[in-house]
Structure formats: C-alpha cells, structure tokens
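The structure that follows is given in the form of structure tokens.
The values are calculated or read from the model by the stated rules, or taken from the named source; none is laboratory data. Everything quoted here is computed from the prediction, not taken from an experiment. Every residue, glycine among them, receives a Cβ derived from its backbone with ideal geometry; neighbour counts consider all protein chains shown.
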Amino acid sequence: MTYSTADLPGEAVAPVLDVSGLRIAYRDRNGLRTAVHGIDFKVNPGEVVALVGESGSGKTSTAQAIIGLLPQNGHFQSGNIRLNGQDIAGWPQRRLDAIRGAIISLVPQDPGNSLNPVKTIGKQVAEILAIHGGASGPVAYAQAIELLERVGLNQPRLRAQQYPHELSGGMKQRVLIAIAIALKPSLIIADEPTSALDVTVQKHILDLIDDLRREYGTAVLLVTHDLGVAADRSDRIIVLKHGRIQEQGRTTDILRNPQSAYTRQLLADAPSLNARSRAIPATPQPVAAQSGDDVIIVEGLIQDFGLGGKGGNFRAVDDVSFRVRRGTTHALVGESGSGKTTTIRTVAAFQKPTAGKVIVDGLDLSSLKGETLRLFRKKIQLVYQNPFGSLDPRQTIASIVEEPLLNFDPLPKAWRAEQVAATIERVGLPLDVLQRRPQALSGGQRQRVAIARALVLDPQILVLDEAVSALDVTVQAQILALLDQLQRELGLTYLFVSHDLAVVKQISDTVSVLNGGKLVDSGSVEDVLGHPRSAYTRELIDAIPGKTFQRLFQPNSFGNAG
C-alpha cells in the first residue's frame, strides 16, 4: 500500500528523529575506517522512512548508532542525533538504557538470535514493562499476554509459556514487535525485520507494523535492502551507498524520477520492481532438444519420514508430479515446510522415495546403487543458498573447485588445474582468486565459486536451492544473468528452488507451486502467475512486494492475478 499526503505530517511538526553530520568509523588492524560519512536526515511523527542500500552501505551502522548499539569496534565520530529535540549522541549506555524501549525501540533482523533461549516468551515481553516501571509481576505478565494477542499470535497464553525454539520465525518476529511496542515508543527502528521470513509472513509482519504505526502515531525507520518493500511501505526513501546518501525524498518522487545512477540501478535490478518475464528460450546450441525431451520426470512422488519415539510418519511430499524439459528452467515454489527441499533431495538421489517414480535422464533413481549411483552424481549438481556457509573457509578457491574432480577419475594434476582455471573464468571470476580463501571474497564472488564447483564436473542439471536469496539485489541480478548465460552456452537444465515468485518470474520457464507437501499449481510461468488456480498461489502473488511501483509504472505486470 502507499500512503496519501493526508497521512504525512505537516512541515511545522517537529521531527521525532533529526540526524545531522553523522560519521561512524570501525577500528580494524589498519586503524579507523569510516563507514558513514556525515549524513543528514529526519523522521517525522507517524512517518515511515526507508533507509535502503546494499551490504556495506551503512544502513545498519546508522541504525545501531541511533539507538546506541554499535559493536565494540564501532566508533561514533561526530554529528548530532536528536530524539524528540534532545541530542542523545554520545550518551553513556546507562542513560541510553532509560530511553531504549520507552522512547526508541528496535526490531532486529534475525528473530532466531534475538530472544533469550532459556526464558519463556511471556517473561521476556513482561521484562520490558518491569524494567521501565510500567508494571511488574502478574500485572506485567497479563499485559504481556495482551501484547502477544495484539501482534496477532494465536493462543497467546500458550505462547507466553513457550520458549523461542518452540515458535516459528514469523512468531518470533511478532514477539520482538510486541517487545518493541510495549511502551508505545516515539520511534521504532525496524532493521531488515522480514528479510529472513517467507513472503506471506513478511507481508503479515509489515502489515502489523503499519497498523501499529497508524494506531499509536509511532515513527518508523525501516532499514531494508529491498526496494519493493520500501516502495510499498514508506513515505520517504533515503538511498545509501558506501556510507553516503545518494538521494532522499518522497517515495513516489524517487520511484518516478530517480536522480542518482545508483538508485536507477537498484530499481532496474530489483525483481519485484520490474515486469521482465522470461520467454521460453530457444533451443540451446550444444543440445538438440527433441519434442517431449523431458530430462526430469517426477510422477506421484510421496516422501514419508518417521517420527522417532512418537511413532507414525510425517508426509513431507504428497503425490507430487512434474516434468522438466531439457535445457529449460523449472521452479519449485513454496514457503518453509512446503516440501521443496525434500523433493529436490529425492531428485538428486540423496534419498529414495517412499512411493512414486523419479527418472533423471532416463535413469530410474530407485534402481541406482553403488558405482552407478556414484557416477550419476556427475549428471546433477547442487548450488546451495548461503555462499558464506557452503564453502570451506580453510581451503583456497582452487582447492574448492578442484575437489569434485578428485572424487571421480584420477586425472593428471595439470589437467585438473586447467579445468579449474577454465571453469573459474567461465563464471566471470579473475584467475587471481584461485589462491585466495572464501573470506577474501564478496558474497557474489563466493556464489560464483559455488557455481564453478558445481560446473567443473560438466553436469547436465543444476539444482539451485534458494541460490540467490541471500544476495543483495544488484549481486542477485548479476548471478541470475550469469545462470542464464551458462544455460544458453552449455545447454544446462535448472531445477530452481525459491520462495520468491518475483525471481521465479525472471528466470524460470515453468513452475510448480507446493503447499504443505501438495502440488497446488503447475504450468508455464505466464499461466501460473497470470491465471493462478489455487488460493495459495494467489496469496503468494499478492504478497510480492513492489505493487506500488507496478501500479504506477507497469500495470498488470503479474497478469490478472489477485
């Protein structure tokens, strides 16, 4: 949704937050490195201001400095941070403790690491009330339950008695919002509050923050790298790059007429903001695909898992069928628990199906074992979600890419080195990365290494498991372009796993939508997104951020859905 000018405070209203000349530096082995270079901005009462930019832009550093939570090596160098007219820059922690929660609150990025694992939810919410003297004991606990109900948690009395590990990611984020709004602060800083959540959960959380803003008149500083979210949810946008403001202004003005080249690039790269749809590609040159040449056939797949001591089985995949034509991209879409990962593990022969049939390049996977199974793994390779966790930090890039070759035929070292170098160049990396280690590379470079490691065996199929979801929007666009280029050059078939329909629309030819282990929609991307059959698919489409931008500039970019 967008906000009308009637929602915006008048010019005479004093800002809740007024930041001027803010400079932040970090100390490393080479001394102080400036990360934020003298920025200025304001947030008015009841207003949502989005602070956008990629990793390293200074967004989180700015948010942390405002609330006084810079890491140990972070240093406030200069500037003013006026909260309701009072300059809090440089205040000691004890003095900041008195206003944190009461006047300014933070909703952090990672709900999994932001709650105390050994304290119940109810006690954690009640604690903020007790700290600031609003209530204590049974009264605070009762108010905590009311807050849990207010943020939309079902069975709030039960949730109050549970521990964080017993709640889903969306539930935990609602708890953090309950803590943030407990004392009705003047300003909430929401630091990437939904980046780790499924798209429909993200929509519900952002709707909740907006409802609370309207009810309490709270100002919101929304820190995000997602311009689609910023477009839908903010009154004004501040664009940061390398700690400097590129431009700032009303959201609609920046969307209509971005002044900086960097903002224009962000808008062009954001999949949720563009209407690009991939056409079914021409037959790749290296592969002469025949009519009906389906390299992956899944028929009636059922996958059950035992429940251990509880007895019985859990059905993770329930009668799923789809086909993937050679040289094309098929997407599996769904939220956490939908059965996507279980399905691809079966297709990659990491587990045998409980029932049904999986055929890959003519091989029935249920019959594979021993040496035949080992050689099958050359046909199909996986690229995982997180390039920061999927590469061994102790190995050089050369060793990481070479390792799959060592697992198969004993080939001469010189030949292996040639293959590794050629593959690194193919994914667009310079050869000087070969002697470096993963920590010396950016996220996008690491994901290119992960793709090179998968390609070095010359596979026919790549399974891409949320392979771009952990990347900034511009890097994501670069990796998607690389995947498209590799597919056209090498005739690769992709099985692309994602919860993000905007990305799926950009890269995929066909799509299967899973919900609760069942197939609820399937077909060409244009048909499924333009004419979804299931209510669940319509909900996924409706939850895609960036609708404001699409309505302003690209009507009907997602067909007739909704």
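Identify all residues within the stretch 48-89 that are over 26 Å from residue 247 (Cβ atoms) and in contact with a Phe, Trp or Tyr (Cβ under 6 Å, 6 or more places away or on another chain); write none if there are none.
Listed by number, the list holds a single entry, 73.
Evaluate the stretch 539-549: report whether one residue or more is assigned by TED's automatic domain parsing to the domain that holds residue 333, in contact with a Ser or Thr (Cβ under 8 Å, 6 or more places away or on another chain) and over 23 Å from residue 233 (Cβ atoms).
No: the stretch 539-549 contains no residue that is assigned by TED's automatic domain parsing to the domain that holds residue 333, in contact with a Ser or Thr (Cβ under 8 Å, 6 or more places away or on another chain) and over 23 Å from residue 233 (Cβ atoms).
Looking for whichever is of a type in the set (Val, Ile, Thr) and either in the same structural domain as residue 491 (by TED's automatic domain parsing) or crowded, with 20+ Cβ neighbours inside 10 Å (or both) here; the options are 346, 354. Which one fits?
Every option except 346 fails the conditions.
In addition: Do the conditions hold for residue 97, that is, is it at pLDDT below 90, closer than 22 Å to residue 177 by Cα and surrounded by fewer than 17 Cβ atoms within 10 Å (Cβ to Cβ)?
Criteria not met by residue 97.
Oh, and also: Just to be sure, is residue 416 outside any loop (DSSP other than H, G, I, E, B) and buried (at least 21 other Cβ atoms within 10 Å of the Cβ)?
When the stated conditions are applied, residue 416 does not pass them.
Would you pick out the residues in the stretch 28-54 that are closer than 19 Å to residue 185 by Cα, over 24 Å from the mean Cα position of the chain (by Cα) and crowded, with 21+ Cβ neighbours inside 10 Å?
Hits for the stretch 28-54 are 43, 47.
A follow-up question, please. Filter the stretch 76-88 down to the residues that are free of Cβ contacts under 8 Å to residues at least 60 places away in the same chain and crowded, with 16+ Cβ neighbours inside 10 Å and list them by number.
If the condition is that a residue be free of Cβ contacts under 8 Å to residues at least 60 places away in the same chain and crowded, with 16+ Cβ neighbours inside 10 Å, then 76, 77, 88 are the ones that fit.
Taking only the stretch 211-235 into account, find how many residues are outside any loop (DSSP other than H, G, I, E, B), more than 19 Å from residue 539 (Cα to Cα) and among the charged types (D, E, K, R).
Counting residues in the stretch 211-235 that are outside any loop (DSSP other than H, G, I, E, B), more than 19 Å from residue 539 (Cα to Cα) and among the charged types (D, E, K, R) gives 4.
Given the structure, is residue 179 part of a strand (DSSP E or B), crowded, with 22+ Cβ neighbours inside 10 Å and modelled with pLDDT of 90 or more?
So residue 179 fails the test.
Also, I was wondering about something else. Say we look at the stretch 57-75 and pick out the residues that are in contact with a Gly (Cβ under 8 Å, 6 or more places away or on another chain) and over 17 Å from residue 220 (Cα atoms); which of these is surrounded by the fewest Cβ atoms within 10 Å (Cβ to Cβ)?
Among them, the one singled out is 58.
Next up: Which one of 29, 82, 33, 23 is more than 26 Å from residue 180 (Cα to Cα), at pLDDT 95 or above, among the charged types (D, E, K, R) and in the same structural domain as residue 265 (by TED's automatic domain parsing)?
On inspection, the qualifying residue turns out to be 23.
Let me ask something else. Name every residue in the stretch 253-298 that is at pLDDT 50 or above, in a loop (DSSP other than H, G, I, E, B), of a type outside the set (Lys, Arg) and under 17 Å from residue 508 (Cα atoms), in order of residue number.
Within the stretch 253-298, 270, 274, 275, 277 meet the criteria.
Here are some residues: 144, 182. Which one is in contact (Cβ under 8 Å) with a residue 60 or more places away in the chain and either hydroxyl-bearing (Ser, Thr, Tyr) or touching a Gly at 6+ places or on another chain (Cβ under 9 Å) (or both)?
Selected residue: 182, the only one of 144, 182 that is in contact (Cβ under 8 Å) with a residue 60 or more places away in the chain and either hydroxyl-bearing (Ser, Thr, Tyr) or touching a Gly at 6+ places or on another chain (Cβ under 9 Å) (or both).
Right, residue 517: touching a residue at least 12 places away in the same chain (Cβ under 8 Å), buried (at least 21 other Cβ atoms within 10 Å of the Cβ) and in contact with a Gly (Cβ under 6 Å, 6 or more places away or on another chain) or not?
Judged against the criteria, residue 517 is a match.
If you check 359, 380, 344, which single one turns out to be within 16 Å of residue 453 (Cα to Cα) and modelled with pLDDT of 90 or more?
380
Here is a follow-up. Looking only at the stretch 440-459, filter to residues that are of a type outside the set (Gly, Ala, Ser) and more than 21 Å from the chain's Cα centre (by Cα); which one of those is farthest from residue 402 (Cα to Cα)?
Checking each candidate, the answer is 459.
When you look at residue 114, is it buried (at least 18 other Cβ atoms within 10 Å of the Cβ), in contact (Cβ under 8 Å) with a residue 60 or more places away in the chain and of a type in the set (Ser, Thr, Tyr), yes or no?
In short, no.
Go through the stretch 334-379 and count every residue that is among the β-branched types (Val, Ile, Thr) and assigned to a loop (DSSP other than H, G, I, E, B).
Looking only at that region, the number is 1.
Does the stretch 380-396 contain at least one residue that is closer than 25 Å to residue 329 by Cβ, in contact with a Leu (Cβ under 7 Å, 6 or more places away or on another chain), part of a helix (DSSP H, G or I) and of a type in the set (Val, Ile, Thr)?
Scanning the stretch 380-396 turns up no residue that is closer than 25 Å to residue 329 by Cβ, in contact with a Leu (Cβ under 7 Å, 6 or more places away or on another chain), part of a helix (DSSP H, G or I) and of a type in the set (Val, Ile, Thr).
Is there any pair with a first residue in the stretch 12-35 that is without any contact (Cβ under 8 Å) to a residue 12 or more places away in the chain and a second that is surrounded by 15 or more Cβ atoms within 10 Å (Cβ to Cβ) and among the aromatic types (Phe, Trp, Tyr) whose Cβ atoms are under 8 Å apart and which are 6 or more apart or on different chains, and what are they?
Hits for this filter: 33/26.
Name every residue in the stretch 190-238 that is surrounded by fewer than 20 Cβ atoms within 10 Å (Cβ to Cβ), under 21 Å from residue 179 (Cα atoms) and among the hydroxyl-bearing types (Ser, Thr, Tyr), in order of residue number.
195, 216
Could you say which residue among 63, 140, 126, 89 is part of a loop (DSSP other than H, G, I, E, B) and either over 29 Å from the mean Cα position of the chain (by Cα) or not assigned by TED's automatic domain parsing to the domain that holds residue 169 (or both)?
Going through 63, 140, 126, 89 in turn, the sole match is 89.
Return the residues of the stretch 187-210 that are in a strand (DSSP E or B) and among the aliphatic types (A, V, I, L, M); say none if nothing qualifies.
Hits for the stretch 187-210 are 187, 188, 189, 190.
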